[in-house]
Amino acid sequence: MTLPKGLPPGLTSYKSTPLFTHESIPESLLTAHKIKAGVWGVLRVTGGRVRYCIDGPPSSAEVVSKGGSVLIEPQVLHHAELLDHDSSFFIEFYRAEGRG
């Protein structure tokens, strides 16, 4: 599976998570989960490396280093793995303007 390289047009950022580290990441992000229809996420790595895994089918994974990001598509089963002691990230959520 090929990860998308850009957000679809017409989406607006509407919220962000706190910064997640080894100490603060919720268990739910380390196991397969998905975001709701119409919502996209951008996982932004602020320290170390994070592996973004699509749990498929088909399965795939991408390692994202500090300063990098990866798109999370709506309703795609996925999870994150923190690869380094200093790994950290947050997620920005986007949706079409006017959707609630």
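Every number in this text was worked out from the coordinates using simple rules, so none of it is lab data. Treat the numbers as computed from the prediction; the structure is a model and nothing was measured. Using ideal geometry, Cβ is built from the backbone for each residue, glycine included, and neighbour counts are taken over all protein chains shown.
How do the pairs read when you match residues in region 32-53 that are on the phi > 0 side of the Ramachandran plot with residues anywhere that are outside any strand (DSSP E or B) and not polar (S, T, N, Q), using Cβ under 8 Å and keeping only pairs 6 or more apart or on different chains?
Sorted first by the residue in region 32-53, then by its partner, the pairs are 38/74; 38/99; 48/66; 48/83; 48/84; 48/85; 48/86.
Just wondering, is there one or more residues in region 68-86 that are in contact (Cβ under 8 Å) with a residue 40 or more places away in the chain, closer than 15 Å to residue 30 by Cα and among the polar types (S, T, N, Q)?
No, region 68-86 contains no residue that is in contact (Cβ under 8 Å) with a residue 40 or more places away in the chain, closer than 15 Å to residue 30 by Cα and among the polar types (S, T, N, Q).
Considering only region 34-66, state which residues are surrounded by fewer than 19 Cβ atoms within 10 Å (Cβ to Cβ) and in a loop (DSSP other than H, G, I, E, B).
Across region 34-66, the qualifying residues are 34, 35, 36, 37, 38, 48, 56, 57, 58, 66.
Just checking, how many residues over region 12-29 are over 11 Å from residue 92 (Cβ atoms) and either touching a residue at least 60 places away in the same chain (Cβ under 8 Å) or surrounded by 13 or more Cβ atoms within 10 Å (Cβ to Cβ) (or both)?
Going through region 12-29 one residue at a time, the tally reaches 7.
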